[in-house]
Amino acid sequence: MANSLFEEKLNSNEFLVTTEIGPPKGADVSEMVHHIDLLKDNVDAINITDHQSSVMRFPSLGGCLLVKERGGEPILQVTCRDRNRLALQADLLLAYSRDICNVLCLTGDSIDVGDHKEAKPVFDADSVQLLRMIRTMESGKDMSGEDLKGALKFCIGASVHPEADFIEPQLIKFEKKVAAGAQFFQTQGIFDLASLRRFMQYASQFDVRILAGIIVLASARMARYMNDNVPGIIVSEAIIDELAGVEKGKGLEKGIEIAARLIKTIKEENLCHGVHIMAVGNERIVPEILEQAKLPSMPTKAQ
Amino acid sequence: MIVAEQKPLEEIRRMIIPYERVLILGCGTCMTVCDAGGEREVSFLHSALRVAQAKSGNETHTFSEYTLKRQCDPEFLDVLDDKIDDVDTVLSLGCGIGVQALAERFPALPVLPGVNTSFMGMAKELGVWDERCAACGDCRLEETAGICPITRCTKGILNGPCAGTKNGKCEANKDMDCAWVLIYKRLERLEQLEKMRRYYPMRNFRAIPRPKRITSKISVDVVDVGEDNG
Ligand code: SF4
Ligand code: SF4
């Protein structure tokens with residue numbers, strides 16, 4: 001099987017744009033399909049989140065199937081929170097059988113931050129182990145050493161947190177992910193380009209593609225809420241002040257402007273290999289951000 | 001040691017409804033140390049149940065109390081032989097193991113759990129206990145500088161911190177230290193950070209096929225030697 005479209009682009013050195021869609025809480029996927037249609041030709045791939053923030057939703061695999069159906073390029077987000085090694089492997093087999101080959105390997109948020117706080121946390125694997133699990137499966141064996149019928153080949157990625165307030169242990173983990181075979185990284189939200197520059201100075205020694213995570217904020221309140229409640233998010237005071245300075249109702253506009261500005265600088269200064277836009281519930285505004293950042297929609301897919 | 005909390009009085013009162021004569025049975029070991037079910041707590045609970053009964057006015061339980069040296073060891077249960085004939089149930093303030101030891105030893109006697117057994121841990125400060133070990137059956141404290149990632153990291157992950165840690169605290173609970181920040185700092189201090197750089201594969205949950213039985217190596221060796229010689 002040939003490389004996925006996304007993998008080919010990763011290898012092409014072009015500036016990549018990915019984004020993500022959070023599936024609905026419920027079986028009505030019409031809005032998600034609408035978002036897929038809106039975004040699929042504007043970005044290089046669409047992540048479908050896996051019960052993001054531990055909130056139960058339509059499954060990421062189901063969302064990826066829809067992306068495929070609509071002619072887009074999906075990235076399957078897989079967390080280890082809800083599935084043990086049997087279920088993880090089975091889902092990967094299903095994904096591959098349906099030509100869903102890009103996988104973002106995550107440990108997953110803690111159950112405690114979600115909406116089913118009394119559920120049993122699984123965490124049979126962590127993100128590093130999940131990456132290795134996929135490479136093992138590609139070698140033709142499952143995690144018990146039994147032969148798998150049919151060859152598999154995935155394009156695998158992971159996340160990294162360049163703005164973590166205690167970076168050293170995060171970098172050790174990043175290197176473990178690289179060693180485990182991660183080909184690309186979509187970072188946690190970047191708000192301060194200095195930290196991205198610092199991180200890239202270090203990360204450029206590794207043969208991996210780094211897409212800077214861009215979170216689109218809709219208000220100062222949302223930023224503060226995320227700082228307090230969403231694992232791993234650290235919105236800088238400068239950005240919060242900027243959002244707080246606009247008149248009521250103009251927050252999202254400002255958020256779009258900030259996101260576009262960050263993307264533009266990253267691209268112009270060639271800071272990393274691309275961006276991953278997280279619009280958290282405002283998926284429809286992604287094309288506008290790209291427009292403002294002056295990134296031509298869908299750089300290579302035109303012909 | 002094992003740490004537990006006494007169940008709410010209302011729950012205990014509901015459990016004892018079917019039984020007239022209730023023996024409140026304490027445990028002199030872990031449950032005494034963690035203030036959940038020692039002699040003192042037995043006597044407090046005894047008074048509380050009497051007061052509640054007097055207030056309600058329409059119940060006729062009779063209560064008695066006793067505290068064993070230890071409830072989880074059959075040999076310490078012998079002293080109960082002549083006590084249980086006079087009761088309809090034992091309300092145990094022993095840990096879950098104590099309650100089950102009683103149930104096994106006295107097949108015809110209903111036993112009720114008076115505490116919620118919570119974890120294995122240690123006293124952190126006066127009146128505060130912290131979980132420290134989940135009895136995973138494959139102790140990895142050598143690799144993690146004496147700090148258990150399985151119990152102290154909410155996710156029990158083995159290859160370093162998740163991205164959710166902030167200010168040294170855990171994403172799941174801002175009052176709890178992130179285990180992996182603690183591990184990193186201690187490994188750094190011990191100049192053993194290479195232990196964190198190592199890859200650790202998924203855990204072997206067969207290390208403890210539940211329920212597990214451990215046979216004393218000493219007695220087994222004695223038997224083996226005997227057989228060889230025989
Ligand atoms: S690794 Fe942790 S849970 Fe396992 S035996 Fe050691 S202290 Fe207990
Ligand atoms: S913040 Fe630290 S302790 Fe909490 S789940 Fe993440 S790694 Fe584990």
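The values are calculated or read from the model by the stated rules, or taken from the named source; none is laboratory data. Keep in mind the model is a prediction, meaning the values are calculated, not measured. Note that each Cβ is placed from the backbone with ideal geometry, even for glycine, and that neighbours are counted across all protein chains shown. In case anyone asks, the SASA skips ligands and DNA or RNA and just uses the protein heavy atoms, side chains included. Shrake-Rupley method; radii C 1.70, N 1.55, O 1.52, S 1.80 Å.
The set of residues in region B:22-54 being surrounded by 14 or more Cβ atoms within 10 Å (Cβ to Cβ) and basic (Lys, Arg) is empty.
Scanning region B:120-131 turns up at least one residue that is surrounded by fewer than 19 Cβ atoms within 10 Å (Cβ to Cβ), within 16 Å of ligand 2 (Cβ to nearest atom) and free of Cβ contacts under 8 Å to residues at least 60 places away in the same chain. Take the conditions more than 9 Å from chain B (Cβ to nearest Cβ), part of a loop (DSSP other than H, G, I, E, B) and on the phi > 0 side of the Ramachandran plot and apply them to residue A:108. Does it pass? No, not satisfied. Taking the residues in region A:252-271 that are more than 19 Å from the chain's Cα centre (by Cα) and not in a helix (DSSP H, G or I) as candidates, determine which candidate is surrounded by the fewest Cβ atoms within 10 Å (Cβ to Cβ). Of everything passing the filter in region A:252-271, A:270 is surrounded by the fewest Cβ atoms within 10 Å (Cβ to Cβ).
Remark: residue B:146 matches the filter, which requires a residue to be in contact (Cβ under 8 Å) with a residue 40 or more places away in the chain, assigned by TED's automatic domain parsing to the domain that holds residue B:172 and part of a loop (DSSP other than H, G, I, E, B). None of B:132, B:105 is within 16 Å of the chain's Cα centre (by Cα), away from every other protein chain (no Cβ under 14 Å) and basic (Lys, Arg) except B:132. In this entry, residue A:225 passes the filter for residues that are of a type in the set (Ser, Thr, Tyr) and within 20 Å of residue A:108 (Cα to Cα). Looking at B:7, B:83, B:69, B:55, just one residue is within 17 Å of residue B:109 (Cβ to Cβ) and of a type in the set (Lys, Arg), and that residue is B:83.
Among the residues of region A:136-183, those identified as of a type in the set (Gly, Ala, Ser) and in a loop (DSSP other than H, G, I, E, B) are A:139, A:140, A:144, A:145, A:150, A:151, A:164, A:180, A:181, A:182. Of all the criteria given as (1) more than 7 Å from ligand 2 (Cβ to nearest atom); (2) open to solvent by 30 Å² or more (accessible area, probe 1.4 Å), the one not satisfied by residue B:144 is (2). Evaluating residue A:188 against the criteria (1) in contact with a His (Cβ under 9 Å, 6 or more places away or on another chain); (2) more than 14 Å from every other protein chain (Cβ to nearest Cβ); (3) within 24 Å of residue A:241 (Cβ to Cβ) leaves one unmet condition, (2). For region A:60-81, check the following and say yes or no: at least one residue is out of contact with any helix residue (DSSP H, G or I) (no Cβ under 8 Å at 6 or more places or on another chain) and crowded, with 24+ Cβ neighbours inside 10 Å. Yes, that holds for at least one residue. At least 2 residues being touching a residue at least 60 places away in the same chain (Cβ under 8 Å) and within 16 Å of residue B:113 (Cβ to Cβ) is the threshold, and among the strands (runs of 3 or more DSSP E) wholly inside region B:1-97 those reaching it are B:2-6, B:21-27, B:89-92.
Residue count for region A:118-150 satisfying the condition of being within 13 Å of chain B (Cβ to nearest Cβ), among the charged types (D, E, K, R) and either open to solvent by less than 50 Å² (accessible area, probe 1.4 Å) or free of Cβ contacts under 8 Å to residues at least 12 places away in the same chain (or both): 4.
Evaluation of residue B:196 against the conditions (1) in contact with a helix residue (DSSP H, G or I) (Cβ under 7 Å, 6 or more places away or on another chain); (2) in a loop (DSSP other than H, G, I, E, B); (3) within 16 Å of ligand 1 (Cβ to nearest atom) shows that the sole unmet condition is (2). Out of curiosity, is residue A:41 at pLDDT 95 or above, more than 10 Å from chain B (Cβ to nearest Cβ) and part of a helix (DSSP H, G or I)? Taking the combined requirement at face value, the residue does not satisfy it.
Residues that are touching a residue at least 24 places away in the same chain (Cβ under 8 Å), assigned to a helix (DSSP H, G or I) and crowded, with 18+ Cβ neighbours inside 10 Å: does region A:190-197 have at least one? Looking for residues that are touching a residue at least 24 places away in the same chain (Cβ under 8 Å), assigned to a helix (DSSP H, G or I) and crowded, with 18+ Cβ neighbours inside 10 Å, one finds at least one in region A:190-197, hence yes.
The residue that is least open to solvent (accessible area, probe 1.4 Å), among those in region B:179-193 that are over 18 Å from residue A:174 (Cα atoms) and part of a loop (DSSP other than H, G, I, E, B), is B:192.
Residue-by-condition table, conditions (1) modelled with pLDDT of 95 or more; (2) away from ligand 1 (no atom under 16 Å from the Cβ):
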residue: B:93; (1), (2): yes, yes
residue: B:99; (1), (2): yes, yes
residue: B:105; (1), (2): yes, yes
residue: B:109; (1), (2): yes, yes
residue: B:113; (1), (2): yes, yes
residue: B:123; (1), (2): no, yes
residue: B:143; (1), (2): yes, no
residue: B:151; (1), (2): yes, no
residue: B:155; (1), (2): yes, no
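When region B:147-174 is limited to residues that are within 26 Å of residue A:190 (Cα to Cα) and either open to solvent by 70 Å² or more (accessible area, probe 1.4 Å) or more than 8 Å from every other protein chain (Cβ to nearest Cβ) (or both), the one that is nearest to ligand 2 (Cβ to nearest atom) turns out to be B:153.
Every residue, every condition in (1) assigned by TED's automatic domain parsing to the domain that holds residue B:193; (2) on the phi > 0 side of the Ramachandran plot, yes or no:
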position: B:89; (1), (2): no, no
position: B:92; (1), (2): no, no
position: B:95; (1), (2): no, no
position: B:163; (1), (2): yes, no
position: B:168; (1), (2): yes, yes
position: B:177; (1), (2): yes, no
